[in-house]
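Worksheet: the structure to be examined is printed underneath.
Where a number appears in this text, it was derived from the coordinates with a stated rule and is not lab data. In this text, all values refer to a predicted model and were calculated from it rather than measured experimentally. Cβ placement follows ideal geometry from the backbone for every residue including glycine, while neighbour counts extend to all protein chains displayed.
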């Protein structure tokens, strides 16, 4: 678990730089061709997920749901933070929402 958290943190920090450089190079605020932020958000989703393909798939679906719908405060971060940090943070927060929902399902013993 410690290594996973360390890798996810490093992935996030590197992502700020990588996403900023990619946005500058492509001349767009949040280029859709850059998916580093989505990978980081998914890693956050899966921090405490149980093992198994069903959990991986459910985590992915939950993450994409929150990433696309962007409920508050995800939408606030998406609109108000810019650059590499802004590109990364809304996906990480979407990952937190998805992780929370995933853990509710684990605790409720639904799957």
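In segment 1-25, the residues that are touching a residue at least 40 places away in the same chain (Cβ under 8 Å) form Cβ pairs under 8 Å with partners that are surrounded by fewer than 11 Cβ atoms within 10 Å (Cβ to Cβ), at six or more places apart or across chains, as follows: 23/29. Taking the criterion of being farther than 19 Å from residue 94 by Cβ and touching a helix residue (DSSP H, G or I) at 6+ places or on another chain (Cβ under 7 Å), the only residue of segment 1-19 that qualifies is 17. Within segment 58-87, residues that are farther than 12 Å from residue 42 by Cβ sit with their Cβ atoms under 6 Å from residues that are assigned to a loop (DSSP other than H, G, I, E, B), at 6+ positions apart or across chains, in these pairs: 78/70; 87/30.
The single condition from (1) farther than 28 Å from residue 20 by Cα; (2) touching a residue at least 60 places away in the same chain (Cβ under 8 Å) that residue 101 fails is (2).
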